[in-house]
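Student: I am attaching a structure below and will ask some questions about it afterwards.
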Amino acid sequence: MRRLLLIAPSQKTGSRALFPPLSLAVVAGLTPDEWEVEIVDEAVEQVDLESEATLVGLTVMTPLAPRAYELADHFRGRGVQVVLGGIHPTALPHEAARHADAVVIGEAEGVWHHVLKDASRRRLRRFYESVERPDLRALPAPRRDLFRPDAYLTTATVQTSRGCPHSCSFCSVTRFFGRTYRSRPVADIVAELAALGQKVVFFVDDNIFGAPSRARELFRRLTPLGLTWVGQSSINIARNTELLVLAAKSGCRGLFVGLESLLPANLREAGKAVLNRAADYREAVSRIQSQGIGVEGAFIFGFDQDDPGVFGRTVEFARKVRLAAAQFGILTPFPGTPLWSRLRNEGRITEPDWSRYTISNVVYRPLKMSAEALQDGFEWAYRSFYSYPSIVGRLLPQAVKFRATLPFFLKLNLHFREIAVSGRRDTGRAVRSGGMGYSPT
């Protein structure tokens, strides 16, 4: 029997992680039964470097590219075929091809059967890319049975749609999934949830409210299931009271929301001036919270109009509106994004080492502060927001309103606090790769 080893590389291995790599379970689901499939998430277990796999596949995010290339080079040195895919190889396929027998550009569904057929004959092509975006109807179920349930907070992560019509300058997801929403049939989603048998679910769509009519149908079908769920959304969901109420009735108890900045000039720079109205943030957060939904806000430091005062202003706002949690990141020019192209053309990118592109390191030259001030301010923001007085002051007044998800948000706050006070520079990677952030899977 042919053997397929799928690897999610990591900079370090521990005993437990927040969420598993859903994308590899999807690829495993696409693989026919004549292949024996193993998934190794290096965040929670070691890779068997002597594996007798027929084919090794690695999913690659930018900060993990050096580790992925190291593993790929090792297996190829043993004569094992290697295929690379994911956001980073899609942005830089020729770079990735130096370390692989084949590179999958974009989503795997349209080409994976060709990859396996060619690998069986040891005739892999250099690049595989679908002509069209894959149809999300009747997708095979992700192989969650290949994960170790004890290694994660939960394995109940579900993707109901792909794509985003917005083109935020810093985001690498749009190029990968496209600028239109593609949705799975609601009946397929309900069937997957029934098969999961879990009452707490994390939807990893970039914006589960993105197509309002479809979201409306989904929430109505979810309501009888008695779920508690957390997802991702843009802040403008606060303007649609009907949809927000339906979401709450269907079990929504937490939303990750990209607020990004309190300055309109920065939002224009990011390409989010229409989507995000900084002047309305306070009221918008309150509207979401009024439905019993906790808000986890995401902020980016280092836009061209940011000065050293941005850290204090942002943390003060996040405390005052009582965000259930917050994620702070340093503006990072990921390859393939408009931001990367602009900063490269301006000669402002200072760091060639992809392993430092974790959203927690300064890899470019800021305009209105030094790189050191940006790094120090970012780390201060985490320590300040996740101090014990801040955690208690934000969560305790909302304990009754958010009783269903209070344990989750408390664990999340303590997790971020541990990272913040340790002084580790992997804060952004640890946070954003948890399934709620730049990359959904």
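The values are calculated or read from the model by the stated rules, or taken from the named source; none is laboratory data. It should be emphasised that the depicted structure is a prediction, and the values quoted were computed from it without experimental measurement. So basically every Cβ, Gly included, is an ideal-geometry build from the backbone, and we count neighbours across all protein chains shown.
Student: Do we have any residue at all in the range 312-326 that's of a type outside the set (D, E), surrounded by 24 or more Cβ atoms within 10 Å (Cβ to Cβ), over 21 Å from P264 (Cβ atoms) and at pLDDT 95 or above?
Tutor: yes
Student: Also: Cβ-Cβ under 7 Å, sequence separation 6+ or interchain: first residue in the range 186-202 and closer than 15 Å to G226 by Cα, partner among the basic types (K, R) and at pLDDT 95 or above. Which pairs?
Tutor: Taking only residues 6 or more apart or on different chains, the pairs are V190/R221.
Student: Among the residues of the range 366-394 satisfying the criterion of being of a type in the set (A, V, I, L, M) and touching a Lys or Arg at 6+ places or on another chain (Cβ under 8 Å), which is farthest from K320 (Cα to Cα)? Break it down stepwise before answering.
Tutor: Within the range 366-394, the subset of a type in the set (A, V, I, L, M) is 367, 369, 371, 373-374, 381, 391-392.
Checking which are touching a Lys or Arg at 6+ places or on another chain (Cβ under 8 Å) leaves us with 371, 391.
Working: A371: 28, I391: 12 Å.
Applying the filter and picking the extreme gives A371.
Student: Shifting gears a bit: So which residues in the range 263-280 are crowded, with 17+ Cβ neighbours inside 10 Å and touching a Leu at 6+ places or on another chain (Cβ under 6 Å), if there are any at all?
Tutor: Listed by number, the residues that qualify are N276, A278.
Student: Do the conditions hold for A247, that is, is it more than 30 Å from L343 (Cα to Cα), at pLDDT 95 or above and assigned by TED's automatic domain parsing to the domain that holds S169?
Tutor: Working: more than 30 Å from L343 (Cα to Cα): yes; at pLDDT 95 or above: yes; assigned by TED's automatic domain parsing to the domain that holds S169: yes.
Criteria met by A247.
Student: Something else: Does V158 satisfy the condition of being β-branched (V, I, T) and in contact with a strand residue (DSSP E or B) (Cβ under 8 Å, 6 or more places away or on another chain)? Quick ask: steps written out before the conclusion?
Tutor: On the way: β-branched (V, I, T): yes; in contact with a strand residue (DSSP E or B) (Cβ under 8 Å, 6 or more places away or on another chain): yes.
It is true that V158 is β-branched (V, I, T) and in contact with a strand residue (DSSP E or B) (Cβ under 8 Å, 6 or more places away or on another chain).
Student: I want to confirm something. Restricting to the range 375-420 and keeping residues that are of a type in the set (V, I, T) and loosely packed, with under 13 Cβ neighbours inside 10 Å, which single residue is modelled with the lowest pLDDT? Break it down into steps so the answer makes sense when it comes.
Tutor: Keep residues of the range 375-420 that are of a type in the set (V, I, T), which gives 391-392, 400, 405, 419.
Keeping just the survivors that are loosely packed, with under 13 Cβ neighbours inside 10 Å gives 392, 400.
Values: V392: 96, V400: 87.
If we take residues in the range 375-420 being of a type in the set (V, I, T) and loosely packed, with under 13 Cβ neighbours inside 10 Å, then V400 is modelled with the lowest pLDDT.
Student: Working carefully through the options V56, V60, V47, V82, find the one that is under 25 Å from the mean Cα position of the chain (by Cα), within 16 Å of L146 (Cα to Cα) and crowded, with 22+ Cβ neighbours inside 10 Å. Spell out how you get there, then give the answer.
Tutor: Values: V60 fails: within 16 Å of L146 (Cα to Cα); V47 fails: crowded, with 22+ Cβ neighbours inside 10 Å; V82 fails: within 16 Å of L146 (Cα to Cα).
Every option except V56 fails the conditions.
Student: Something else now. Can you name every one of the helices (runs of 4 or more DSSP H) wholly within the range 299-401 that holds 2 or more residues which are under 24 Å from L414 (Cα atoms) and under 23 Å from the mean Cα position of the chain (by Cα)? Give the steps one after another, and end with the answer.
Tutor: Working: elements: 310-320, 338-345, 371-385, 388-395.
Qualifying helices (runs of 4 or more DSSP H): 310-320, 371-385.
Student: Can you name every one of the helices (runs of 4 or more DSSP H) wholly within the range 102-201 that holds 3 or more residues which are modelled with pLDDT of 95 or more and surrounded by fewer than 21 Cβ atoms within 10 Å (Cβ to Cβ)?
Tutor: 112-120, 186-196
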